[in-house]
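The values are calculated or read from the model by the stated rules, or taken from the named source; none is laboratory data. Source: prediction; values computed, not measured. We place every Cβ from the backbone using ideal geometry, glycine too, and count neighbours over all the protein chains shown. Surface accessibility is based on the protein's heavy atoms, side chains included, excluding ligands, DNA and RNA. Shrake-Rupley method; radii C 1.70, N 1.55, O 1.52, S 1.80 Å.
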Amino acid sequence: MHSELTNLFVFHLPSDVTNDDLLTIFSRFGRVESVRVMCNSINESKGYGFVKFFNGECAANALAGMDGY
């Protein structure tokens, strides 16, 4: 059984990025199931987060489209 890779680790995020920002940025590549920016105790981004796509094709499109961004 092959499991599609649908979860992307995103890094080098600015300290003021939000979950909504991440959703807006990555939605253009396909259906996003969830986003999560990891935050510190004062609710600033720690500089990384996760984006989970509906399928592997959407995740691959995002990986190709955002590589080096």
- Message: Of all residues being touching a residue at least 24 places away in the same chain (Cβ under 8 Å) and open to solvent by 60 Å² or more (accessible area, probe 1.4 Å) in segment 54-69, which is farthest from the chain's Cα centre (by Cα)? Just the residue, please.
- Response: GLU57
- Message: Can you find, within segment 1-53, the residue that is nearest to ASP67 (Cα to Cα) among those that are β-branched (Val, Ile, Thr) and open to solvent by 50 Å² or more (accessible area, probe 1.4 Å)?
- Response: ILE25
- Message: Here's a check for you: in segment 31-59, which residue that is in contact with a Leu (Cβ under 8 Å, 6 or more places away or on another chain) and aliphatic (A, V, I, L, M) is farthest from LEU5 (Cα to Cα)?
- Response: VAL37
